[in-house]
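The values are calculated or read from the model by the stated rules, or taken from the named source; none is laboratory data. What you are looking at is a predicted structure, and each value in this text was computed from that prediction instead of being measured. Neighbour counts run over all protein chains shown; Cβ positions are idealised from the backbone, glycine included.
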Amino acid sequence: MNHKGDVVSEKETKTPVSRGDDNPESNIEMDSLRTDAGVAKLAADLEDLRQTLLRRQADFDNYKKRIERERTEDSKRTTARLIEALIPTIDGFEQALAAHREAEYEVYRRGFELIYKQLLEQISKLGAERIDPTGKPFDPHSHQAMDRTETAEHADGTVLQVFQPGYVFHGRVLRPAMVRVAVQPATASKTHTN
């Protein structure tokens, strides 16, 4: 106990614990540590936000590409349906042009030919291609065999005649060509096998 007038020993004197408040250098070091940690945390947060933004931007770019691809495919499907609907009209024109070859129908014939050519040009502009496989090998993916003719003049499987042309749109067969196909005569094939 310490009374008035008693001498205070060194052990009894309590020195205040330094919190660094009274030392300016230690305050700077603590502020520096807090600032460095804060800057590092902010830098990490900024990097996270930047990565998130990059991912969102990439997702959005992929979304735009997918939507554009879907629009293009939808447009192609719609155009293909239109062309498929017009093909019977083209067939009708061809039959009408083939039926009336007499001189009295010549004026009408020229008018029909003009309309027919315009119609073919328009579907070509839309991307349709006409299949005319005459003289080419039979392809079951784009031709439909309607008849077979035995002949030794042509290779087996050669398309001899097209009854109805086919149409392709961007690699997709809208209608196969209906064709007559050459086959080797039965006697020739027996001779080759012996």
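Each row is one residue, and each column tells you yes or no for (1) part of a strand (DSSP E or B); (2) out of contact with any Cys (no Cβ under 9 Å at 6 or more places or on another chain); (3) more than 18 Å from GLN184 (Cα to Cα).
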position	(1), (2), (3)
GLY92	no, yes, yes
TYR108	no, yes, yes
LEU120	no, yes, yes
THR134	no, yes, no
ALA155	no, yes, no
GLN161	yes, yes, no
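Name the residues in region 72-122 that are touching a strand residue (DSSP E or B) at 6+ places or on another chain (Cβ under 8 Å) and touching a residue at least 40 places away in the same chain (Cβ under 8 Å), would you?
Restricting attention to region 72-122, the residues satisfying the condition of being touching a strand residue (DSSP E or B) at 6+ places or on another chain (Cβ under 8 Å) are 76, 79-80, 83-84, 87, 91, 120.
Scanning region 72-122 gives LYS76, THR79, ALA80, ILE83, GLU84, ILE87, ASP91.
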Within the group ARG148, ARG130, which residue is free of Cβ contacts under 8 Å to residues at least 60 places away in the same chain, of a type in the set (Lys, Arg), surrounded by 11 or more Cβ atoms within 10 Å (Cβ to Cβ) and within 30 Å of THR72 (Cβ to Cβ)? ARG130
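Residue-by-condition table, conditions (1) at pLDDT 90 or above; (2) of a type outside the set (A, V, I, L, M, F, W, C); (3) more than 24 Å from LEU174 (Cα to Cα):
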site	(1), (2), (3)
ILE90	no, no, no
GLN95	no, yes, no
ALA99	no, no, yes
TYR105	no, yes, yes
TYR108	no, yes, yes
LEU126	no, no, no
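Right, ILE115: outside the structural domain of ALA177 (by TED's automatic domain parsing), over 34 Å from the mean Cα position of the chain (by Cα) and either surrounded by 13 or more Cβ atoms within 10 Å (Cβ to Cβ) or in a helix (DSSP H, G or I) (or both) or not?
Details: outside the structural domain of ALA177 (by TED's automatic domain parsing): yes; over 34 Å from the mean Cα position of the chain (by Cα): yes; either surrounded by 13 or more Cβ atoms within 10 Å (Cβ to Cβ) or in a helix (DSSP H, G or I) (or both): yes.
Considered against the rule, which asks whether it is outside the structural domain of ALA177 (by TED's automatic domain parsing), over 34 Å from the mean Cα position of the chain (by Cα) and either surrounded by 13 or more Cβ atoms within 10 Å (Cβ to Cβ) or in a helix (DSSP H, G or I) (or both), ILE115 comes out as yes.
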Pairs under 9 Å by beta carbon, first residue over 14 Å from PRO88 (Cα atoms) in region 152-180, partner of a type in the set (A, V, I, L, M, F, W, C) and assigned to a loop (DSSP other than H, G, I, E, B), six or more apart or different chains? GLY157/PHE138; THR158/PHE138; VAL159/PHE138; PHE169/LEU126; VAL179/PHE138
